[in-house]
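Here's the structure we're looking at; comments come further down.
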Amino acid sequence: MKENLKKFWNFVWHDDSLLSLALSAIFIIIFGKFVLFPILGAILGTSLPVVAVVSNSMEHNVAFETWWSENTEDYEKFGIEKSEFEKYNLKNGFNKGDVILLKGIVFEEIKRGDIIVFQSKGHEPIIHRVIELREETIGTKGDNNSRQITFEKYITNDEIIGKAIFKVPLLGWVKVIFMEVLGQI
């Protein structure tokens, strides 16, 4: 038995065949999904510690100065001035295909400008910037969206999954391409 496991292990990790590559990929996916992901979630305090960005709702596509001049009204109507926005985490947004690392957050600690992931009824998880704070709800908006979407105007504590803390560019394209092939986006 021990010898068979050793042969299998060497085949999976050292053989150059297509079957070996496929088995390696399956092993990595299973390990990530059922071991690494839950451990990372426990450490960061969220059920979804890593998300791949699958839309362009947070893209800026131009230098910050140009982007701000084109979007000033969208934020000033919520009392957000340029000087405040410049201090926000990920002030230049992020792109489709980026991966975002999340941590859990207490509702009362959410600040205007934070980027959160939330899940409203009937929608996939959304990652947008907080622009309104109320006693029991918050409002968000995608930096690249011209207006707030109805379901993001009154987000409650139980809909919040986590707060963005770090961005890894391009790593999420694997998921984006896979979802596009399956017709999910």
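Okay, residues lined up against (1) at pLDDT 85 or above; (2) part of a helix (DSSP H, G or I); (3) more than 26 Å from D158 (Cβ to Cβ):
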position	(1), (2), (3)
V12	no, yes, yes
S20	yes, yes, yes
A25	yes, yes, yes
I28	yes, yes, yes
K33	yes, yes, no
I39	yes, yes, no
A42	yes, yes, no
S57	yes, no, no
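The strands (runs of 3 or more DSSP E) found wholly in region 95-185 and carrying at least 2 residues that are of a type outside the set (A, V, I, L, M, F, W, C) occupy 126-133, 138-141, 160-168.
On the basis of being touching a Leu at 6+ places or on another chain (Cβ under 8 Å), within 19 Å of I116 (Cα to Cα) and surrounded by fewer than 19 Cβ atoms within 10 Å (Cβ to Cβ), does G45 make the cut?
In short, no.
Under the condition of being crowded, with 16+ Cβ neighbours inside 10 Å and either in contact (Cβ under 8 Å) with a residue 60 or more places away in the chain or in contact with a Cys (Cβ under 9 Å, 6 or more places away or on another chain) (or both), the residues counted in region 140-158 number 5. Scanning region 9-35 for residues that are hydroxyl-bearing (S, T, Y) and either touching a strand residue (DSSP E or B) at 6+ places or on another chain (Cβ under 6 Å) or free of Cβ contacts under 8 Å to residues at least 12 places away in the same chain (or both), we see that the one that is surrounded by the most Cβ atoms within 10 Å (Cβ to Cβ) is S20.
Mind listing just one residue for me: the one in region 106-125 that is surrounded by fewer than 19 Cβ atoms within 10 Å (Cβ to Cβ) and within 24 Å of K87 (Cβ to Cβ) and, of those, farthest from the chain's Cα centre (by Cα)? Restricting to residues being surrounded by fewer than 19 Cβ atoms within 10 Å (Cβ to Cβ) and within 24 Å of K87 (Cβ to Cβ), the top hit is E108. Taking (1) touching a Pro at 6+ places or on another chain (Cβ under 9 Å); (2) without any contact (Cβ under 8 Å) to a residue 60 or more places away in the chain in turn, I161 satisfies each apart from (2). Per this entry, K82 is counted among residues that are surrounded by fewer than 17 Cβ atoms within 10 Å (Cβ to Cβ) and over 14 Å from V130 (Cα atoms). The residue that is nearest to the chain's Cα centre (by Cα), counting only those in region 141-185 that are closer than 18 Å to N95 by Cα and small (G, A, S), is A164.
The values are calculated or read from the model by the stated rules, or taken from the named source; none is laboratory data. What you are looking at is a predicted structure, and each value in this text was computed from that prediction instead of being measured. When we count neighbours, we look across all protein chains shown, and the Cβ atoms used for this are built from the backbone with ideal geometry, even at glycine.
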